[in-house]
Amino acid sequence: MSIDDIRKAVLEYDEETVPELVQAEVDAGTEVHEILNRGLVSALDEIGEKFSAGTLFVPEMLMAAEAVQAGLDILRPLLADTGIKPIGTVILGTVKGDLHDIGKNLVGMLLEGAGFRLIDLGTDVDAEDFISAAQENDADIIAMSGLLTTSMSEMERAVTAVRHANTGRNVNVRVMVGGPPVTQDFADRIGADAYGMDAPGAVERARGFVAS
Ligand code: B12
């Protein structure tokens, strides 16, 4: 049994076996980030490549995502064990028009693990919903995820709306953005306060905001 078996089980869409294999690796003392990156995420990358090549389609992509989610359920308590006083509040969501949530969920788990109070609005989140959740919860940070090139204009719109709310409606929140099509340049161009390349990067940037 190895981490590669986890990757293979995801590629076989085996939602039953993936959590068992993940649990076995956890019990064997394998580092959680190894299981995550070399087992679960690398399988999704391969699925994405096959989708691009036209050798598999949306239903298979969905089955692979479900197998990964089942594995993540095992890792969640290890990534997000809290119990400490929150160091800040983050509103998290995937932007409007975009239904991808695995990366967002990982970002959320690590933020919780780092001691942030997390309010996860899910996927397909409208700009105004980000803003009102930030207002209602007196949040420090709004974190937006987007995976589709076509959601980038929506991300820009949402970031602009938050900046207007900061000045016009007395909301005092920073915006952090991420997802594969997002780059530091793009984040700068749309006026986001921060860009994070991955979930640990999101934690690093969020910590920077509450420390300053
Ligand atoms: C699984 C998947 C799906 C699943 C999603 C299930 C779910 N619950 O999420 C389903 C089947 C629903 C799906 C649907 C579609 N998908 Co899809 N999908 C994928 C796939 C294979 C994996 C995505 C994933 O979860 N990656 C793993 C996670 C861990 O990585 P991540 O999201 O990048 O997140 C990390 C970082 O980016 C970062 N991060 C993420 N968010 C944030 C936020 C912040 C604030 C920060 C700081 C960091 C950060 O941290 C994360 C962890 O380190 C990708 C291919 C790929 N390799 O990415 C295609 C992919 C994203 N999909 C694609 C497409 C085209 C679609 C569809 C349009 C297909 C269709 N014709 O219907 C639909 C769109 C539906 C919609 N409206 O959203 C394309 C996008 C192309 C593009 N550039 O626009 C991709 C790239 C596939 C491809 N190669 O063509 N998809």
- Query: Given a Förster distance of 30 angstrom, what is the FRET efficiency for residue 53 paired with residue 172, based on the Cβ-Cβ distance and rounded to 0.05?
  - Reply: 0.05
- Note on the structure: In the neighbourhood of residue 187 defined by beta carbon distances under 15 Å, the net charge of the other residues (Lys, Arg +1; Asp, Glu -1) is -2
- Note on the structure: Taking only C-alpha positions in the chain, Rg and Dmax in angstrom work out to 17.6, 57
- Which shape class, rounded, prolate or oblate, goes with the stretch 88-211 when its Cα gyration tensor gives a ≥ b ≥ c as root eigenvalues, a/c under 1.5 marks rounded, and past that a/b bigger than b/c marks prolate? rounded
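The numbers here are math on the coordinates, done by the rules we state, and not lab data. Given the structure is predicted, the values throughout are model-derived calculations rather than measurements. For neighbour counting, all protein chains shown are included, and Cβ atoms are generated from backbone atoms with ideal geometry for every residue, glycine included.
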